[in-house]
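Read the figures in this text as sums done on the coordinates, not as results from a lab. Keep in mind that this is a model prediction, so the values were computed, not measured. In this analysis, Cβ positions are derived from the backbone assuming ideal geometry, glycine residues included, and neighbour counts consider all displayed protein chains.
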Amino acid sequence: MTKPKIIGLTGSIGMGKSTVAAMFAEAGIPVFDADAEVRAMQGPGGELIAPIEAAFAGSTGPQGVDREKLGAQVFADKVALARLEAIVHPAVGAKRAAFLEANCDKPAVVFDIPLLFERGGHESVDTIVVVSAPEHIQRARVLARPGMTPEKFAHIFGLQLHDSHKRDRAHHVIDTGTSLEETRAQVQALIASL
């Protein structure tokens, strides 16, 4: 049985990875969105609510995980963050395996994983696509998000491998510091080449 080519899509916060992932999906390539899976599992009735509440009391409610309350408990605490990741990452891995099985007949799939390099996921994909933009564009995009502060951005930025290192390790780089049309053309050219 052949398996699809696995495209690992990654990029630092604010680089336009979600936009590029949507372009792959529009082109008919199934996309596994790790962040969306986490949000669903942490949302109302989600399977991660009970284990997260057990580990981080007071961090959940009727709407699922309260990201602000959970963030307050893990922000700048590496031990707490590791405890949270030990709950979340295996659950995401199971969802990813189920996605791959459901799409085993496709020529290619995309694994949209923000921390692809940081968590060793790059070892389980066939080709790595890094989404990148100039740092001033990244910063402007991130700071325009609701609830984002320079301190939060600095913390997230510090957890991620620097963009230049990601680009150095990529098989392909999509530049999103351009227009949407130019970005889409890059994605279409990449799909054709793969």
Can you compute the helix-only [θ] at 222 nm over the chain? Use -39500 (n - 2.57) per DSSP H run of at least 4 residues, normalise by all residues, nearest 500 deg cm²/dmol.
-15500 deg cm²/dmol
Radius of gyration and Dmax over the Cα atoms of the chain, both given in Å:
17.2, 49
Per-residue Cβ contact counts at 10 Å, fewest first, order Thr176, Thr183 as Thr183, Thr176
Between His89 and Thr127, what length in nm is gained on full extension when 0.36 nm per residue of separation is reduced by their alpha carbon distance?
11.5 nm
Students often get this wrong, so check it: of Lys17/Lys69; Lys69/Lys166; Lys78/Lys152; Lys17/Lys95; Lys5/Lys166; Lys95/Lys166, which have C-alpha atoms separated by over 23 Å?
Lys17/Lys69; Lys69/Lys166; Lys95/Lys166
Amide H neighbours of Phe111 under 5 Å, at least 5 residues apart or on other chains, H built in the peptide plane: list them.
Ile7, Gly8, Leu9, Phe32
Extension gain from Ala98 to Leu180, taking 0.36 nm per residue of separation minus the Cα-Cα distance:
26.4 nm
Simple spin-label model, 7 Å along Cα-to-Cβ: Asp77 to Ala144 in nm?
3.4 nm
Cα centroid distance between the stretch 110-130 and the stretch 45-80, in Å?
26 Å
Run the quick spin-label model on Thr19 and Ser193: label points 7 Å from Cα toward the beta carbon, then report their separation in nm to one decimal.
2.0 nm
Approximate spin-label separation Ala54-Asp168, in nm, with each point projected 7 Å along Cα-to-Cβ:
4.2 nm
Sort largest first and round to whole Å: the equivalent ellipsoid semi-axes of the stretch 44-102, each the square root of five times a Cα gyration tensor eigenvalue.
22, 15, 8
